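To start, the structure under review is shown below, and the notes come after it.
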Amino acid sequence: MISDIRELSFDELSRYFGSIGEKTFRAQQVAEWIYQKGVWSFDGMTNLPRPLLEKLKRDFELKANAIAAKQVSREGTTKFLFDLHDHEKIESVLIPTATRTTACISSQAGCKFGCKFCASGIGGWSRNLTCAEIVTQVLHVKEEALKHKRPLTNIVFMGTGENFDNYDNLMKAIRIINSDKGMNIGARHITISTVGVVPKIRELAQEGLQVELAISLHGYDNASRNVLMPVNKKYPFDELIAACREYVRLTKRQITFEYILIKNVTCTENAVQNLKKAFKGLICKMNLIPYNPVSEFDHKTPSKEEMADFRDRLEEAGIHATIRTPRGKDVNAACGQLRHQADQ
Ligand code: SF4
């Protein structure tokens, strides 16, 4: 099978040109066309000689994703459902705010982790996305952002899938997105979210990448985390926090804990006291996310007052916490929801 040219790192692309007797500066030209000028075909690379374009077409694929659905919310959040070559469906979202323009990207088709609040786990896992499939989502979202004269500033890997279950492809894609020869998006503007795959948190700490790490915590001890996060059986709460401490020690970077506020489950006084103990001395902040109801699960969102009180209690306990404003609710922009609806 012909491979997608976006599978290649810049060094691999340079080696390819060397192998066909071309000057390696061609790698820079091709990378510019793909990642900076956003062409979707080799024929769009107008400064390359025709015989070289024919070689590229012989050796590689370069095309846009088929778009199965696109929904735009009132505030400009745009959600794409892409139909891949094997008809797996994946989601990506463009989220514009006053200060940034963010792409939310998927790393797997489906998910095997089955977090109890999430629609993505319901249909199960199909496969890992390739590096090219990850990068191509970013290219589509970037193109959409530029139509609105908004350069893409941030990437969050918070779409469908557990990022660390597809670690190698994700890392390769991130290096292309981050490279000044690729999409040139600063590592500090790239956030990787994980449910807490402990060995990979430790591996990321060794990568030398200045990316942001967000942990889907959604529980304040083993018992409460077991309710929502089946992964906690494999990587229990204390092991996860220990890996986070190690990550912060090695990288000197702050960790963000994502924490869904569910009435009488995660939003309780007991939670505040346990989190205070667990986070003692750890450089971190908490993103509190109002629960976004999924019809299959019988959880409830706390009232605004309950959520504000919970945040205030955390702040009093010395934990910096903010309540995240849900965006794109009217386009089902929560993780996995568009794909889930398309499956039905
Ligand atoms: S929250 Fe993420 S890891 Fe958990 S089921 Fe959903 S997609 Fe999978």
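The values are calculated or read from the model by the stated rules, or taken from the named source; none is laboratory data. Everything quoted here is computed from the prediction, not taken from an experiment. Methodologically, a virtual Cβ is constructed for each residue, glycine included, from the backbone with ideal geometry; neighbour enumeration extends over all protein chains shown.
Among the residues of the range 221-239, just one is within 13 Å of the ligand (Cβ to nearest atom) and surrounded by fewer than 16 Cβ atoms within 10 Å (Cβ to Cβ), namely Lys234. Selection of first residues in the range 165-182 that are free of Cβ contacts under 8 Å to residues at least 40 places away in the same chain and of second residues that are of a type in the set (Gly, Ala, Ser) and outside any loop (DSSP other than H, G, I, E, B), restricted to Cβ pairs under 6 Å at least 6 apart or on distinct chains, gives the following pairs, ordered by first then second residue: Asn178/Ala187. If only residues of the range 96-144 that are under 16 Å from Lys70 (Cβ atoms) and of a type in the set (D, E, K, R) are counted, the one that is nearest to the chain's Cα centre (by Cα) is Lys142.
For the residues Ala132, Ala119, the requirement of being buried (at least 19 other Cβ atoms within 10 Å of the Cβ), away from the ligand (no atom under 12 Å from the Cβ) and not in a strand (DSSP E or B) singles out Ala132.
From the list Glu239, Glu315, Glu246, which one is closer than 25 Å to Gly121 by Cα and either out of contact with any Phe, Trp or Tyr (no Cβ under 6 Å at 6 or more places or on another chain) or modelled with pLDDT of 95 or more (or both)? Exactly one of Glu239, Glu315, Glu246 is closer than 25 Å to Gly121 by Cα and either out of contact with any Phe, Trp or Tyr (no Cβ under 6 Å at 6 or more places or on another chain) or modelled with pLDDT of 95 or more (or both), namely Glu239. For the range 99-111, the criterion of being over 17 Å from Ser216 (Cβ atoms), more than 13 Å from the ligand (Cβ to nearest atom) and not hydroxyl-bearing (Ser, Thr, Tyr) is met by at least one residue.
Beta carbons closer than 7 Å, at least 6 apart along the sequence or on distinct chains, never pair a first residue in the range 89-118 that is not assigned by TED's automatic domain parsing to the domain that holds Asn226 with a second that is of a type in the set (Phe, Trp, Tyr).
Taking the stated definitions as given, is Arg225 farther than 15 Å from Cys104 by Cα and touching a residue at least 60 places away in the same chain (Cβ under 8 Å)? So Arg225 does not fit the description; no.
When the range 200-220 is filtered for residues that are in contact (Cβ under 8 Å) with a residue 40 or more places away in the chain, within 16 Å of the ligand (Cβ to nearest atom) and more than 14 Å from Ile255 (Cα to Cα), the ones remaining, listed by number, are His218, Gly219. Selection of the range 240-259 for residues being more than 15 Å from the ligand (Cβ to nearest atom), closer than 19 Å to Arg188 by Cα and of a type in the set (A, V, I, L, M, F, W, C) yields Cys244, Val248, Leu250, Ile255.
Yes/no matrix, rows are residues, columns are (1) in contact with an Asp or Glu (Cβ under 7 Å, 6 or more places away or on another chain); (2) within 18 Å of His320 (Cβ to Cβ); (3) in the same structural domain as Pro290 (by TED's automatic domain parsing):
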position	(1), (2), (3)
Phe237	yes, no, yes
Leu240	no, no, yes
Cys244	no, yes, yes
Tyr247	no, yes, yes
Leu250	no, no, yes
Leu261	no, yes, yes
Val272	no, yes, yes
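Considering the range 135-160 alone, what residues qualify as being of a type in the set (D, E, K, R) and in a loop (DSSP other than H, G, I, E, B)? Within the range 135-160, Lys149, Arg150 meet the criteria. I'd like to know if the range 61-72 contains one or more residues that are in contact with a Lys or Arg (Cβ under 9 Å, 6 or more places away or on another chain) and within 16 Å of the ligand (Cβ to nearest atom). No; the residues of the range 61-72 include none that is in contact with a Lys or Arg (Cβ under 9 Å, 6 or more places away or on another chain) and within 16 Å of the ligand (Cβ to nearest atom). Considering only residues in the range 161-199 that are away from the ligand (no atom under 16 Å from the Cβ) and either in a strand (DSSP E or B) or among the small types (Gly, Ala, Ser) (or both), the one that is farthest from Glu239 (Cα to Cα) turns out to be Gly182.
Checked against the criterion of being over 26 Å from Gly114 (Cα atoms) and not polar (S, T, N, Q), the range 226-235 contains not a single residue that satisfies it.
How about the range 1-36: which of its residues are under 14 Å from Met183 (Cβ atoms) and within 23 Å of the chain's Cα centre (by Cα)? Hits for the range 1-36 are Arg6, Ser9, Phe10, Ala31, Ile34, Tyr35, Gln36. Evaluated against (1) hydrophobic (A, V, I, L, M, F, W, C); (2) within 16 Å of the ligand (Cβ to nearest atom); (3) in contact with a Gly (Cβ under 9 Å, 6 or more places away or on another chain), Met158 falls short on exactly one condition, (3).
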